[in-house]
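The values are calculated or read from the model by the stated rules, or taken from the named source; none is laboratory data. The structure displayed is predicted, hence computed values, not measured ones. Here Cβ is always computed from backbone atoms with ideal geometry, including for glycine, and neighbour counts include all displayed protein chains.
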Amino acid sequence: MNTTDMETSNRGAGSGYEKCTGCAVCTLTCPVWHQTRDIILTAGGRSRVLQSGGTPEEMRESITACVLCGACAAVCPAGVDTVALTTELRAALAARAPRGSFSGGGKPSAKLFFPGAALRGNGELLRRAASLLETDGFTLFDDAGLSELAGEMETGGRPEPEELKNFIHSMSGVTEIAAADGFLHRYLRQWLPAVRVSGLGEALLRKREIKNALKAGDLYIIETRGYHAAHTRLVTFYDRMRLETGCGLNTSLQRAAIPTGAASRQTVGRLDTAEQARWILHKRRPARIVAESVEDLEVFKRTPESPEVIHIAELARIPQSELAGTRDER
Ligand code: SF4
Ligand code: SF4
């Protein structure tokens, strides 16, 4: 192995891949394994290849197949940070220049709502979510630059250190962020350790009118990336919600959330999102599907086996005149 190979094969070291025992527990929750039955395409496969001295280039197909749902990290008994493993390996493959400005803007507020790219692309749902969170003190934040950064980080990019410092500085005084893009949660917690980071679903489910609108026949689709990034805490949160409302959840026997994979920005992915939706619906007959993420909403709407499909922000009745972005025109 030459020096360059040694350097690249050391990528992933921050993930703890050395601890992988090859137990294959991660295959139980992995959608890529479910669809391909190829162990090399799983987190355990990548860890074992690295342990054997393999290089990122040699496992390019495996690195690009992962949808970064994080379900494997939630169940790994050795504590391998499998999402960090894949993103570090993608960074080794991509070797991109760090990204510049992404600070964004908005009114100064202690509580910010980061809608993410998918929700920003759906004006009606964005106004609904922003209106609901506004009554809890959240201010809608222009996170377009951050969304672009998230897309680049998912495919191997990283922030420029000085710009990251500026972003952290711009967040001084912020105490809570509700972020719809679950991929960002782990990074926001690393960058802003004093800030409480919630998913959009978690923030909206704190509202009585939202929780009361969930019914026993509903199948509630948790946004998987944010859920697995704080799995221990959120298992308790969603279990309580399920007991209180009687709704079903897209969780497996290991209480990992089964992903559709629709949020993945990786274009070389191997996952068929429609097949994932059918897997989630297998032997279930929900009266209605309630999705936390716009990406999951769209996949289920396209799946013929689905009943009525709505977004969580549509659970509350909001008069048109009260929607964010329309009140100034009255
Ligand atoms: S569950 Fe963890 S220890 Fe087991 S094979 Fe997967 S990554 Fe390795
Ligand atoms: S993050 Fe998801 S898709 Fe990637 S290896 Fe883990 S379970 Fe599989």
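Sub-7 Å Cβ pairs linking a first residue in region 158-174 that is within 28 Å of ARG90 (Cα to Cα) to a second residue that is assigned to a helix (DSSP H, G or I), at least 6 apart or interchain, are ARG158/ALA91; PRO159/LEU149; LEU164/TRP191; ILE168/TRP191, ordered by first then second residue.
On inspection, ALA179 qualifies as modelled with pLDDT of 95 or more and buried (at least 21 other Cβ atoms within 10 Å of the Cβ). In summary, GLU61 fulfils each of the numbered conditions (1) within 16 Å of ligand 2 (Cβ to nearest atom); (2) closer than 24 Å to ALA313 by Cβ; (3) surrounded by fewer than 17 Cβ atoms within 10 Å (Cβ to Cβ) with the single exception of condition (2).
Among the residues examined, ALA230 does not qualify as of a type in the set (Gly, Ala, Ser), within 23 Å of ALA130 (Cα to Cα) and in the same structural domain as GLU308 (by TED's automatic domain parsing).
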